[in-house]
Every structure is written in structure tokens, then in C-alpha cells.
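The values are calculated or read from the model by the stated rules, or taken from the named source; none is laboratory data. Predicted model, so just to flag it, every value in this text is computed and none were measured. Note that we place each Cβ from the backbone using ideal geometry, even for glycine, and neighbour counts take in every protein chain shown. Surface accessibility is based on the protein's heavy atoms, side chains included, excluding ligands, DNA and RNA. Shrake-Rupley method; radii C 1.70, N 1.55, O 1.52, S 1.80 Å.
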Amino acid sequence: MDWTPYLESIRCDSRYALSRECFAPLDVLDHRPETRPGTPFLLDLRVRTVPEATPEGKERPEQKVERWDVLEGLRRHAAEHVLLVGRPGSGKSTALQRLLLEEAERALSDADARIPVLLELRHYQESILDSLRQVLGEHGSFLWTRNACRNGCGKAACCCWWMASTSYRPMSRAGGWRRSVGSIATTTPMIFATRELAVGGDLEIGKRLEMEPLTEPQMQRFVRAYLDTDGDKLLRQLQGRLRELAKVPLLLWMLCSLFRETQERLPENLGLALRQFTALYDHQIKGDAPVSDESRRWWPRLLQRLAFKMLQGPEPTELHVAIARSQAEDWLTDYLREEQCDQPRSRAMAWLNDLVNHHLLQRSAEDRIEFRHQFIQEYYAAEYLLRCLPKLDDVTLQRSYLNYLKWTEPFILLLGLAGRSQASLTNRQAGGSG
């Protein structure tokens, strides 16, 4: 099989090109070159090994913690299979995109190099083999068959990333696939990534790497490179909880973007920072988008409803991170009908198209819709919940939300957004069983 078209397609794919330049995975930097940070930030990200636990759940004292550059660590441990763990925005996805790009370029010049494949397991539907066919088909390789997988998978290095839990339970199925393919799995380097081990298991992978938070020098260097002479002004504002948040690369970038556009004092928590950031996105960063004023006015409410419905999922413990466009249109049509809008179906279709083209939604495989980052989805769900909160009694609040892990991050954001209601909500949370 000639892999050249596939490898060339990866090298030219705009989705991965940005990982070559800097850490900025959201399309919020706009198209103007001068808005990009001026440092190749990804190269500074670090990982640490997580010692294997004893049967009693304690770390083995004889194991030393090792630290690596993120790409070096992944390459070193991929052969034995490795699980990459990190907070939202810590750089897992961008690291895998960068690894994919570098390994594709290596394979183009070295006939003996492995062929890298990046599977977004949040889009997983029927089987790993179907996902492989889909990814290779997107890059012009249409000859992938089950036999090709079994006969040639030894040359492929599958870089798989998984973000949280989806309605398709991809983590558990991926684990089943690792067991079912037997010797292929043992000879194929694999990398899986997840937010935290508690969400979906560890695939029985012993070797684990954890994304490290940014160090103080890293934060300072990035802020000063991004903001130039205004960098020290922002650094003086990063105190307490906000400074802890700034140790996450994506959140630090967001705070820098917000400060550069407003030159105002930063909000005191992440929820308020995201509220200000998305409002800035609506009216300044995408202020020249060719959409109607009516569409723009509805953007926040539509995104809130969509995020909430996706997090609800088909079961209490499950959620959607990507949905069919037709499903999104149906949900928004129902919402606009509830709000007594004229022509709800036509408006839902048109305004969803505006959001995908000009906002924090994006297209994914097979005409599916997703938020550009999961914590953006969680923020909009938190805003929706905040409006619903007065209507929720304590029993419903506990039974439907506080008892489920998937609502943890939205409720943390909600506490920051709630303002004067925060103390009351905290008391209500204390009554939950966790």
C-alpha cells in the first residue's frame, strides 16, 4: 500500500499546522498573523511518569518519577502502550497532533518508519476498524480493509486520544479492541489520552504519563512573548486561584487574549473569565462576521441550550461531545419553538450554520457538530444551568446533577458565575451524596 498520499495529506492539513507554531488550538486567534503568539510553546510542555499502584492502591515507593519533554516521553513509552492523563487545556490533544505531524514527515523520508494514525475516539461509533477506515479515507487512503489492518497494522503507530466519556463508551470499547486483536496490539505502539482515570478506566495500561502544570518561568515567558510590554501588567494580576488556573496552557492563553483585547482587570474566577471571553468573541473578535444582528443576539442562548442537551446525554452517566447536525437542528428548533420564534426550523438551520462558520462550534467527521473545546461546552452548560437553578428543588438538583461526575466541571463554573447566590448553592451542594 502506498502511504505517500495519506502522509502528504497530514502534512498539509490545516488542523495540524498550528501545532507546529504555538499552543493555540481554538480558532480565536483570528486570521491576522499579528494576533498569534510569538513562541513555539508546545515544545516546553512536560510530562511526568505516574508510578504504578500496589494492589492496595498505593504508589510503589521503589519507582522513581521521571520527567520528559511531552513528545520525547510519548515516543519513549508508546511501544509498550501509554496512557496520557491531563487537565482540560493542558496540551494533550495538541501534543498528539504535533506528534502525528512529525511522525508523518519522518515516514515520508524514511521507508522503514511507522505510519502514524490519530483516532479521535470521541467520534467513535461502531468499531475501531471503522474509525481507521474513516480517518484514512479523509486523507485519501481508501484501500483500508480488515485484512489490511491485520496484515499491516504492525507498521502503523496508532496515536489515539480520548476526551472524557461519550455516549458511545469509546474507552471501554477501545480496551476490548486492544484485547481482541492480540498480537497486533503488542507490536503496534499506541498512545491513549484522557482527562482523568476515574472517568472511564485505564484500558489496563500500566505505563502512564501525566501532563505537568506550567512552571513560573514558563508562564512568565509565554505572557511576555504574547503581550510584549503589557506582559508584566497581566502577571501582577495573576494571583491566588487565578494564578493556579494560569498553569494550564490553554487557560493562560485565554487570559492573555482577554487582557490584550480589553486592557481591564481580569475577572476573579474562571467562570466569569469565560463569560467575558465569549462576550468579547461575539462582539469584537467575530464582530465583522457576515451574519444578521438577530442571529448574533441569539448566539449565547443557542450555545447554552446546545451545550446543556449534549451534556445531558442519553443516560445519566453519559454525555455527547459530538452530535449529528440534524440532531443539533432538532434541538435548536424545539428551543426556538418554546421561545415562540417565527419559522423556528428555518432559523435553527440558518443560525446553526452561522455558529459553525463563525463561532465556537466546528464540524467534525460525518457532518457532526462539536464545541471547539470541551471546557467551552461545559461553560455554556453552566450558564444554562444558572438560569434553570431557581426552578430546581434540592432533590432534583442532587438526583439529576450533583450525583454525576459529568456535571462536576459545569457546577464549578456555575459557582463562579452565581455571584451572590454562591453561598446558597454551596449549602445545597453540601447535601449531595457526591
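Values as computed for the structure displayed
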quantity	calculated
With all protein chains modelled, accessible area of W68 [1.4 Å, Å²]	40
Accessible-area composition of the stretch 240-395, carbon plus sulfur, in percent [1.4 Å probe]	44
Per-pair calculated FRET efficiency, R0 = 22 Å: R337 and T396 via Cβ, rounded to 0.05	0.35
The stretch 288-418, Cα convex hull volume normalised per residue, Å³	118
Accessible solvent surface per residue of the stretch 317-379, calculated while the other protein chains remain in place, 1.4 angstrom probe, Å²	39
The stretch 344-407, Cα convex hull volume normalised per residue, Å³	129
Alpha-carbon radius of gyration plus Dmax, which is the widest Cα pair, for the stretch 220-342 in Å	18.1, 52
Unsatisfied cross-links (Cα-Cα over 29 Å) in the set K92/K309; K233/K309; K309/K391; K64/K233; K92/K391; K64/K406	K233/K309; K64/K233; K92/K391; K64/K406
